[in-house]
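First comes the structure, then the notes that go with it.
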Amino acid sequence: MASITLDKVDLDYPIYDLNDKSLKRLLLASAGGRRIRHPVIRALNGIDLSVRSGERVGLYGPNGSGKTTLLRTIAGIFPISGGTRSVVGEITPLLGLSIGANMEISAEDNIKLLLRIAGIRPTAELIESIWQFTELSETMRLMPLRTFSSGMIMRVLFSVSTAYSPNILLLDEWLSVVDETFAHKAEERMQDLVSRTEILVIASHNIGMLERICTRIVRLEGGVIVSDSPVGASAVRGGTDRMAS
């Protein structure tokens, strides 16, 4: 059974200035046996979060609240500064649609490439299904991705990245990058994907969408969890039913 457990997790970002990046300064410090200390910003503070198989958790909060940072911490991309992180199950972090894509090769070759990166065999049937979902013309299929508009690129990347069933799925603001004419179809695809994964953790500013697909919503402010509520509870839209300790 998949699970995610964060216990009193802190994450600090070091702050570098131009002097810190001076090669001469670094070499002199190294020769003298000195360790350069950098000031830090605490991006996450005392995060307690437990997610079990079958749960769909939405992360909600203003810009800079820590939503994306928390997703990347769960994924293991950012090493924690304090506390403990425990994950049981394979994580699929879809935190940037363009990660792994090659703008110089064709749309179809990108589909094959991204499927292989995900460990999925790119069969002709799967590739055809993905392309049909994009609703793009056949003539564009063999064109380099760099010739596509940003909306068309997002259609291709969204379609291929939601075509398989992950164990633990992490998503970051996906529907906000899909063009308006494709948004309804994309949300239906998202709901189907949610039904096929054990655990979903998704960060978004779209509270309506979170309430439709999630079982609980975690609200963050300034790197702190200020509420963790089942969908439908009054705390979801701004209350603080469970203040972080």
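What follows draws every value from the coordinates through simple rules; no lab data is involved. Every value quoted in this text rests on a predicted model; they were computed, and no experiment measured them. Every residue, glycine among them, receives a Cβ derived from its backbone with ideal geometry; neighbour counts consider all protein chains shown.
Quick look at the numbers
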quantity: Rough spin-label spacing in nm, given labels placed 7 Å along Cα→Cβ, for Arg121 and Asp10; calculated: 4.9
quantity: Ranked Val160, Val51, criterion: other C-beta atoms within 10 Å, fewest first; calculated: Val51, Val160
quantity: Backbone HN-Hα couplings from phi across the stretch 123-131 [Karplus 6.51/-1.76/1.60, Hz, Gly and Pro as x]; calculated: 6, 4, 5, 5, 4, 5, 4, 5, 5
quantity: q = 0.13, 0.15 Å⁻¹, the stretch 58-185: log10 I(q)/I(0) [Debye, one scatterer per Cα]; calculated: -0.60, -0.77
quantity: Ranking of Val57, Val88, Val201 by count of other Cβ atoms within 10 Å, fewest first; calculated: Val88, Val57, Val201
quantity: The stretch 107-197, relative contact order [Cα under 8 Å, separation at least 6], %; calculated: 30
quantity: Local electrostatic count, Leu59, Cβ distance below 12 Å [Lys/Arg +1, Asp/Glu -1]; calculated: +1
quantity: Residues Val231, Val194, sorted so that the one with the fewest Cβ neighbours within 10 Å comes first; calculated: Val231, Val194
quantity: In sequence order, calculated HN-Hα J values of the stretch 3-8 (Karplus, 6.51, -1.76, 1.60; Hz; x Gly/Pro); calculated: 7, 10, 9, 10, 10, 6
quantity: Karplus-derived HN-Hα couplings along the stretch 188-197 (A = 6.51, B = -1.76, C = 1.60, θ = phi - 60°), whole Hz, x at Gly and Pro; calculated: 4, 5, 4, 5, 5, 4, 4, 5, 9, 10
